Amino acid sequence: MEHYIAVDWGSTHLRAWLIENGTCIDTLNVPCGVTQMAAGEAPELFGRHIGPWRKEALLPVLMAGMIGSEGGWRPAGYLPCPVSLHQVGEQLCEVAEQVWIVPGLKWAQDGEYNVMRGEETQLLGAMQLAPSPCYVMPGTHSKWVSVEGGRVTRFDTVMTGELHHLLMNHSLIGQGLPPHQPDETAFVQGLERGLNTPSLVNQLFATRAAWVLGALEKTAVSDALSGLLIGAEVATLTQRFQPQQITLVASEVLSPRYRQAFARLNIAVNECGAQAAFLQGIERIIDARR
């Protein structure tokens, strides 16, 4: 298919790309994610925002993300791991004419449980753009994924981004602070603490104590906490995955922060932009349906 629409419909935003002859000719980014939708509202929002691109031709639309969850348009299911990533394109959920949702992945073995939605499409693209036995996908819920021979053999999730938001907005750590100002020194210091002491039981309150006692600028608390959480994530998950090298699938904001953490552990890093990986993954699924 040379003309299609790629959609990443997550918890907070609907992002879409209009593709013609392999080139993106228009984009869309609106704050109407799944968590903001009323029950049954997805088809109306789809028609309002995506419909004008389709016109009478009913261009094919491939969607991934939380739109396939229980709170989305329709549950698209989860493929059990270990699984070949090529299978995600073979078990699409059709919700309207020429409109499909990509299924997620699940891990349920030995009393351990995990799910992902959206990242499976990024992984499919990243496998082609930057092959690796281990992928790290930072975000609200960071994903760490092991891949062998094109098969996802296991994955873990770390709520790093969500924890940062909750602690800054709904805990004593962020209470009464002035607006954040970027502070690389505070980030690096937090990163070192997280890497060296990944158990956060006492480190979290120590972050509050540091600004209460004047050892940490109040405007730098967000960066210090970000470093602490990222350091703890990287220290903990590298122990579990034991990667010699990783492919980092991240935004321009998060990529430099995680690179610093991996550099301190002497782990080689390849990089792949999150958006580029997603669009490549969508393209691979679309091409396979020709």
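The numbers here are math on the coordinates, done by the rules we state, and not lab data. The shown structure was predicted, so the numbers you read here are calculated from the model rather than taken from an experiment. Positions of Cβ are generated from backbone atoms using ideal geometry, with glycine treated the same way; all protein chains shown enter the neighbour counts.
Report the calculated FRET efficiency for residue 184 and residue 148 (r = Cβ-Cβ distance, R0 = 35 Å), to the nearest 0.05. Don't skip to the answer; put the middle values down first.
Details: r = 37 Å, r/R0 = 1.06.
Efficiency for this residue pair is about 0.40.
Under 20 Å of direct C-alpha separation, and excluding same-chain neighbours fewer than eight residues apart, residue 106 reaches these lysines: 143. The coefficient of translational diffusion for segment 249-290, derived via Stokes-Einstein from the alpha carbon Kirkwood radius under 25 °C and 0.890 mPa s, stands at 208 µm²/s.
Taking other residues whose beta carbon is less than 15 angstrom from the beta carbon of residue 76, and scoring Lys, Arg as +1 and Asp, Glu as -1, yields -3.
Dipole size of the chain about its Cα centre, with +1 on Lys/Arg Cβ and -1 on Asp/Glu Cβ: approximately 380 debye, rounded to the nearest 20. For residue 217, no residue 5 or more places off, or on another chain, has a built amide H under 5 Å of its own.
The GluC sites (Glu not before Pro) of segment 227-290 that meet both conditions, a loop assignment by DSSP and at most 13 other Cβ atoms within 10 Å of the site Cβ, are 252.
Evaluated at q = 0.13, 0.25, 0.29 Å⁻¹, the base-10 log of the normalised Debye intensity for segment 99-151, with identical point scatterers placed on the Cα atoms, takes the values -0.34, -1.14, -1.33.
So for 110, 287, fewest C-beta neighbours within 10 Å to most, what's the order?
On the way: 110 6, 287 11.
Ranked by crowding around the Cβ, least crowded first: 110, 287.
Can you bin segment 160-272 into rounded, prolate or oblate? Criterion: square roots of the alpha carbon gyration tensor eigenvalues sorted a ≥ b ≥ c, rounded for a/c under 1.5, prolate for a/b above b/c, oblate for the rest.
On the way: a/c = 2.13, a/b = 1.75, b/c = 1.22.
Judged from the Cα gyration tensor, segment 160-272 comes out prolate (a/c at least 1.5, a/b above b/c).
Taking every alpha-carbon pair under 8 Å whose residues sit at least 6 apart, segment 160-272 reaches a relative contact order of 29 percent. Annotation note: trypsin sites (Lys or Arg not before Pro) in segment 222-274 located in DSSP loop regions with a Cβ neighbour count of at most 15 within 10 Å are absent. When the scattering of segment 14-141 is computed by the Debye formula from its Cα atoms alone, each counted once and equally, what is log10 I(q)/I(0) at q = 0.13 Å⁻¹? Scattering profile of segment 14-141, log10 relative to I(0): -0.60. Restriction of the GluC sites (Glu not before Pro) in segment 1-72 to DSSP coil positions whose beta-carbon has at most 15 other beta-carbons within 10 angstrom yields 2, 41, 70.
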